[in-house]
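What follows is a single structure, written as structure tokens, with notes after it.
The values are calculated or read from the model by the stated rules, or taken from the named source; none is laboratory data. Treat the numbers as computed from the prediction; the structure is a model and nothing was measured. As a convention, Cβ positions derive from the backbone with ideal geometry for all residues, glycine included, and neighbour counts pool all protein chains shown. In case anyone asks, the SASA skips ligands and DNA or RNA and just uses the protein heavy atoms, side chains included. Shrake-Rupley method; radii C 1.70, N 1.55, O 1.52, S 1.80 Å.
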Amino acid sequence: MYALDTLTEAGVWRTLKRTLNHGKLEIQPVDVFFPFSTAALKPEPIEIHVKIILIGDRDMYELLYDYEDDFKKIFKVRVEFDEEMPWSEEVIRQYAGRLRKLSDDEHLCPFDRTAVAVLLEHGVRRAGRRGKITARFFDLADLAREASYVAKHEKATVVTAEHVRKAQEAQIDRHNLTETKIREMVEQNLLFIDTTGARVGQVNGLSVLEIGGYAFGKPVRITAAVALGKLGIINVERESNLSGRFHDKGVQIISGYLRRTFAQDKPLSLSASVCFEQSYSGVDGDSASSTEIYAILSALSGIPIKQELSVTGSVNQQGDVQPIGGVNQKIEGFYDVCKLKGLTGTQGVLIPAENVEDLMLRDEVIDAVAKRRFHIYPVATVEQGIEILTGVGAGKRGKTGKFDQGSVFAAVDSRLRAMADTLRKFEK
């Protein structure tokens, strides 16, 4: 039984508990649940031995467990079903068998090897990791039905990869109105996204929007401004009540990284504001924390950042770039903007190195990368990322305590030292 149905149907949950507790089924007419009953006969309870399996999501389980005392006494065995499973030859056979059964039961066109391959790729993309595949077969079944319709419409007898891709495009076309409007705003320069040139303190970040189960990547401009002071990093989104807890945590981690890297021999005397430009609906998650660090490092060093590149990835206080979610949508989102404004052959995206195994990109993006018209840079540390973004070495701290001359970190350290000295003199 579905747990939600037992709660929404009048009297069902109470009757279910009583039946399972006492082992007797009491048959009652529906009108006993109403104020005025006309039933005169009441059958005797029936001995019953039955096993009930309730199906529901985790939130429903926690709700019943916390607020319904009888629930934990009656339903003692809890089993969680994963939404994804490891990729294997056995899984491929099972998927192929389910597709065959679906086509036989619903009289769909048969699927050839290429069609099955594209459906499996779609399942892997839904799982979000290359070594996994979604266990929610009904998502793939809907796509298979639509692909069969496309094949029949084209007078084909077998569903091929081309039919599946057309069905995918049709699904996207029905759901991507918001995405299309955002692209139009970028094209009309109502949303500012640079894909050429270089600017100080400005980086292209990447976010994911999900509307009605359809997720897509949206580039966003992130800027940083620095000045003398002791306020540390000012999160403009938080000050405007547009920042979630995870994003606030990411900003605090950035402060820790700057203290660890540059404040061992002097106080960190700066006030730096970080802002998601033209963002009015709120920001959460820490997947842009590495992007914000790059913007601050550029603002402090005065070294411009290449605007043909976009960045995603969270960071820890040690400067390690950590994996994030939605990497495929983010890459494709920036690729679409670059394609809109014109591919130059130098554009690309910096992603966490650990997300390489998650890549399941559209064929168009894969083709562009293969032809070196678009680039994907796996990054493991902040140092690697700032070198790619600026074309200048990050720099290492030597035995004297100073960074390599001419490096990004040397310029940042020199600026912070000068700011600390200036603030000290000003306070005196």
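Scanning the stretch 259-281 for residues that are open to solvent by less than 70 Å² (accessible area, probe 1.4 Å) and closer than 20 Å to GLY205 by Cα yields ALA272, SER273, VAL274, CYS275, PHE276, GLU277, GLN278, SER279.
Scanning the stretch 131-148 for residues that are under 17 Å from GLY97 (Cβ atoms), touching a residue at least 24 places away in the same chain (Cβ under 8 Å), open to solvent by 10 Å² or more (accessible area, probe 1.4 Å) and not basic (Lys, Arg) yields ALA135, PHE137.
Of all residue pairs spaced 6 or more apart or on separate chains, those with beta-carbon atoms under 6 Å, a first member in the stretch 115-130 that is under 12 Å from MET85 (Cβ atoms) and a second member that is of a type in the set (A, V, I, L, M, F, W, C) are GLY123/ILE133; GLY123/LEU140; VAL124/ILE133; VAL124/MET360; ALA127/ILE133. Can you go through GLY313, GLY302, GLY319 and tell me which one is closer than 19 Å to GLU387 by Cα, open to solvent by 40 Å² or more (accessible area, probe 1.4 Å), of a type outside the set (A, V, I, L, M, F, W, C) and touching a residue at least 40 places away in the same chain (Cβ under 8 Å)? Selected residue: GLY302, the only one of GLY313, GLY302, GLY319 that is closer than 19 Å to GLU387 by Cα, open to solvent by 40 Å² or more (accessible area, probe 1.4 Å), of a type outside the set (A, V, I, L, M, F, W, C) and touching a residue at least 40 places away in the same chain (Cβ under 8 Å).
Among the residues of the stretch 40-77, write down those that are among the basic types (Lys, Arg) and open to solvent by 100 Å² or more (accessible area, probe 1.4 Å).
Taking the stretch 40-77 and keeping what is among the basic types (Lys, Arg), we get 42, 51, 58, 72-73, 76.
If the condition is that a residue be among the basic types (Lys, Arg) and open to solvent by 100 Å² or more (accessible area, probe 1.4 Å), then LYS42, LYS51, ARG58, LYS73, LYS76 are the ones that fit.
One residue stands out in the stretch 149-163 among those that are surrounded by 20 or more Cβ atoms within 10 Å (Cβ to Cβ) and in contact with a His (Cβ under 8 Å, 6 or more places away or on another chain): the one that is farthest from ASP104 (Cα to Cα), namely VAL150. Of all residue pairs spaced 6 or more apart or on separate chains, those with beta-carbon atoms under 9 Å, a first member in the stretch 402-428 that is over 14 Å from PHE262 (Cα atoms) and part of a helix (DSSP H, G or I) and a second member that is of a type in the set (D, E, K, R) and modelled with pLDDT under 90 are ASP421/LYS266; LEU423/LYS230.
So which residues in the stretch 289-299 are open to solvent by 10 Å² or more (accessible area, probe 1.4 Å) and under 22 Å from the mean Cα position of the chain (by Cα)?
Quick first cut of the stretch 289-299, residues open to solvent by 10 Å² or more (accessible area, probe 1.4 Å) only: 299.
Within the stretch 289-299, no residue meets the criteria.
Among what's in the stretch 169-186 and is basic (Lys, Arg) and closer than 13 Å to PHE216 by Cβ, pick the residue that is least open to solvent (accessible area, probe 1.4 Å). For the stretch 169-186, the residue satisfying everything is ARG183.
One line per residue, one yes/no per condition, for (1) over 34 Å from the mean Cα position of the chain (by Cα); (2) within 22 Å of THR15 (Cα to Cα):
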{"site": "GLU47", "(1), (2)": "yes, yes"}
{"site": "ILE55", "(1), (2)": "no, yes"}
{"site": "TYR61", "(1), (2)": "no, yes"}
{"site": "TYR67", "(1), (2)": "no, yes"}
{"site": "ASP70", "(1), (2)": "yes, yes"}
{"site": "LYS73", "(1), (2)": "yes, yes"}
{"site": "VAL77", "(1), (2)": "no, yes"}
{"site": "ASP82", "(1), (2)": "no, no"}
{"site": "PRO86", "(1), (2)": "no, no"}
